[in-house]
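A short write-up of the structure that comes next.
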Amino acid sequence: GDSVTQTEGLVTLTEGLPVMLNCTYQTIYSNPFLFWYVQHLNESPRLLLKSFTDNKRTEHQGFHATLHKSSSSFHLQKSSAQLSDSALYYCALSDRVDSNYQLIWGSGTKLIIKP
Amino acid sequence: EAAVTQSPRNKVAVTGGKVTLSCNQTNNHNNMYWYRQDTGHGLRLIHYSYGAGSTEKGDIPDGYKASRPSQENFSLILELATPSQTSVYFCASGDASLGGGSQNTLYFGAGTRLSVL
């Protein structure tokens, strides 16, 4: 079946350093949609960015990601981490099942930014 | 911004008791979902619905029932609550219909923190 893999369960970085959170996926659907959701402490997950276009960079709130279908990847990046980026980040895949879409979640990466 | 409202926000229940978690969305989304979130497990899908009158089992449905009486409302029911069901529960809605344009972007409620003693 379809799956999403986030290899890092916890990433700890110093403020100002670049961020890269890994996300790879498996699906038989040729046109998947990939998402990054962010969840700050004591809040609910919310959409950070999404993409379905191969090799096109998507940006939002200082973060960016590029969907690479050749490597089945959708890594999340930011050039300079801020303390407020500390949160739980989920990568998710949406693909087509019959007349609807299903959503597959990665296990999440907790990002901690230290001063 | 899409609106999803959960009630109650906090609940303490006794083992063996019945618990009902409610969710209301005003986005006219077809799909609604119930997830639980526990440390080390991420988001796990309990039940979901494609529209009024429909409920489907997710990945961990045992011990839970769901009800979708209308487009707007989706409830999660624990008939006999157990301490293992202590968790944070999130409801979400999304437009997953083909041609809907949102590609199944989900909008989450604020969550319900349930403790079963």
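The values are calculated or read from the model by the stated rules, or taken from the named source; none is laboratory data. Being a predicted model, the structure only gives us computed values, none of them experimental. With ideal geometry, Cβ positions are generated from the backbone for all residues, glycine too; neighbour counts draw on all protein chains shown. These area figures cover heavy atoms from the full protein model, side chains too; ligands, DNA and RNA do not enter into them. Shrake-Rupley method; radii C 1.70, N 1.55, O 1.52, S 1.80 Å.
Summary of values
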item: Overall form of the protein assembly as shown per C-alpha gyration tensor (a/c, 1.5; a/b vs b/c); result: oblate
item: Sequence-distant residues sharing a close amide H with A:Val11 (under 5 Å, placed H); result: A:Lys110, A:Leu111, A:Ile112
item: Positive dipole terminus of the protein assembly as shown, leading residue within B:Leu78, A:Gly9, B:His47 (C-beta point charges); result: B:Leu78
item: Spacing of the two label points (7 Å from each Cα toward its C-beta) at A:Ile112 and B:Lys57, in nm; result: 3.9
item: Anchor B:Lys18: lysines whose Cα lies under 28 Å away (excluding residues fewer than 8 positions away in-chain); result: B:Lys57, B:Lys65
item: Protein accessible area in chain A, 1.4 Å probe - carbon and sulfur %; result: 50
item: Accessible surface buried upon B-A contact (total; probe 1.4 Å; Å², nearest 100); result: 1700
item: Radius 9 Å from Cβ of B:Ile46, net charge of other residues (Lys, Arg +1; Asp, Glu -1); result: +2
item: Candidate lysines - alpha carbon under 26 Å from A:Lys114, same-chain residues fewer than 8 apart omitted; result: A:Lys78
item: Estimated FRET transfer efficiency (A:Asp2, A:Asn100; beta-carbon r; R0 22 Å; 0.05); result: 0.95
item: Where region B:3-66 is the region considered: accessible area per residue in Å², 1.4 Å probe; result: 51
item: Shielding by other protein chains, A:100-107, mean Cβ within 10 Å; result: 6
item: Pair B:Thr39, B:Ser70: separation of 7 Å Cα→Cβ label points (nm); result: 3.9
item: Separation of alpha-carbon centers, region B:1-42 and region A:1-63, rounded to whole Å; result: 24
item: Extended-chain gain in nm, criterion 0.36 nm per residue less alpha-carbon gap, B:Thr86 and B:Asn28; result: 17.9 nm
item: Shielding by other protein chains, B:40-47, mean Cβ within 10 Å; result: 4
item: Chain B, relative contact order [Cα under 8 Å, separation at least 6], %; result: 34
item: Cα-based reach from A:Lys110 at 12 Å (exclusive), listing aspartates and glutamates while leaving out same-chain residues under 8 positions away; result: A:Glu8, A:Asp85
